[in-house]
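A short reminder: the numbers here are calculations on the coordinates, not readings from a lab. All values derive from a computational prediction rather than experimental measurement. Positions of Cβ are backbone-derived with ideal geometry, glycine not excepted, and every protein chain shown enters the neighbour counts.
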């Protein structure tokens, strides 16, 4: 009987600059092997053709994935005008074309229409589940997919430059759930043209940005555990945008045991109905839910 492989106790974050033509799950699997970690996960899928910020959580940091996933995102993207594809990006087949190429002035005039809360119909080639099956699987089978409309929010949209090959480069800050491929297509349609994404790069995901990134190839070239430990960001790095409640030693012990504590000793009224992180002496204790009469542990940290 073969011995079970011993994994290392790895807790923290690695922010990968995801290469093109690689899935997010491939990055998760590769980084798990590099760190010899028992558990890791990513904070939101990037399309294979997209590049950029892909936060990977290890160990106890995986409990904070929902907070990062729910955070604001920022992308830079290039729209190729004059054609549309069945995937709304350069990976698909061209299905229609037009000679109507928008001018810079027309684009600038149209941008305000896409700022604020807007409705989107996600692309057929997406990971959304329809009756238990991924939409892209149904689309590849040639089935007609009735995609549900959803509301998302665009906080800022900026034209960065007009490119010489009937393309334009944009930057967008947006909410969770935004499909930038759909945004590019919808901008083109609003302009009376057609368009698809030629390039897509995520520059921010929650609190993490390209300033935190490391290349996958750089990780692969690290031979010693000490090298890997130096580039692993602490779990607390992700708390920059998360509400934190500093609890007493006694209340920390109660939360660790799965018990509720009273909110009367903490200024947490503004957090009622939302989640927060409880800490004691700067050490993570638990993710908690805050109600008017109690603070309840949702996930306890075992560090």
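Some values worked out for this structure:
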quantity: By average C-beta atoms within 10 angstrom, highest first, the peptides 35-43, 235-243; calculated: 35-43, 235-243
quantity: Contact order relative to length of segment 157-255, as percent, for alpha carbon pairs under 8 angstrom and 6 or more apart; calculated: 13 percent
quantity: Ordering of 179-186, 53-60 by burial proxy (mean other Cβ atoms within 10 Å per residue, highest first); calculated: 53-60, 179-186
quantity: Residues listed by number, segment 41-69, amide nitrogen under 20 Å from residue 211 label point at 7 Å toward C-beta; calculated: 52-56, 68-69
quantity: Whole-number percent relative contact order across the chain, with pairs defined as alpha carbons under 8 Å at least 6 apart; calculated: 20 percent
quantity: With Cα atoms, 0 to 90° folded angle of helix 180-190 axis to the chain main axis; calculated: 30 degrees
quantity: Coarse-grained scattering of segment 243-300 at q = 0.15, 0.16 Å⁻¹, given as base-10 log I(q)/I(0) from a Debye sum over alpha-carbon atoms; calculated: -0.31, -0.36
quantity: Helical mean residue ellipticity (222 nm; -39500 (n - 2.57) per DSSP H run of 4+; nearest 500) of the chain; calculated: -5500 deg cm²/dmol
quantity: Nearest 10 degrees, 0 to 90: helix 24-35 Cα axis against the chain principal axis; calculated: 40 degrees
quantity: Contour excess over end-to-end distance, with Cα ends at residue 230 and residue 90 and 0.36 nm allotted per residue; calculated: 46.7 nm
quantity: Rounded FRET efficiency, nearest 0.05, which uses the C-beta distance separating residue 155 from residue 103 and R0 of 25 Å; calculated: 0.45
quantity: Rounded FRET efficiency, nearest 0.05, which uses the C-beta distance separating residue 117 from residue 165 and R0 of 35 Å; calculated: 0.60
quantity: Calculated P(r) tail over 37 Å for the chain, as whole % of Cα pairs; calculated: 27 percent
